[in-house]
Amino acid sequence: MNQLDFNGRHAVVTGGATGLGYAIARRLIASGGSVTLWDRDAAAAQQAAQALGDGAYAVTVDVAQHPSVAAAVQATLQHTGRIDALINSAGITGPNTKVWDYPVDAWRQVMDVNLTGLFICCREVVPHMRERNYGRIVNIASVAGKDGNPNASAYSASKAGVMALTKSLGKELADTGVRVNCVTPA
């Protein structure tokens, strides 16, 4: 494994209890950093933090709920004193169905978690990064956001939105020490 330079840095990883978020958190700890796992599954987040060992901390948060994210930022700052990086990896796929059959409530849930949740996390964390004139934000999108997968309209649309939001935020922060990037796993 190549070594990242993350010594002494602290990252928030949304959706950090499982999957890609957990793998990212593990890598950041292996690179000398510490992480706060934000996840709506409290038990899974605690278990993941314990498995990661020293340098991992868990906060229960629903990224789609502004008050929950605001409270998570405060809890993280109280525990760690700073947030150097925000990895927005929380996401859901939603139903696998045609647009004309897609349940409206399911569409809203996918958008709320994948796009609105990412927006809320950035909205709440960026002021702390700007205050320190340092921060790194990595938003996890998907190739589905570029190509539009059939039977995954909400997921594809939400990930396209993640790409556009990343570009907008990156341009808004271009004159600061905060950098914003997006990755699109396939």
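The values are calculated or read from the model by the stated rules, or taken from the named source; none is laboratory data. Every value quoted in this text rests on a predicted model; they were computed, and no experiment measured them. Only protein heavy atoms, including side chains, enter the accessible area calculation; ligands, DNA and RNA are left aside. Shrake-Rupley method; radii C 1.70, N 1.55, O 1.52, S 1.80 Å.
Quick notes on this one:
- Pairs of Cα atoms nearer than 8 Å and 6+ residues apart set the relative contact order; for the chain it is 19 percent.
- Counting every alpha-carbon pair across the chain, the share separated by more than 24 Å comes to 35%.
- Estimated 222 nm signal from helices in the chain, with DSSP H stretches of n ≥ 4 weighted -39500 (n - 2.57), rounded to 500: -14500 deg cm²/dmol
- Annotation for the range 9-36 versus the range 98-177: alpha-carbon center distance of 19 Å.
- When the solvent-accessible area of the range 34-113 is split by element, carbon and sulfur atoms take up 49 percent of it, the probe being 1.4 Å.
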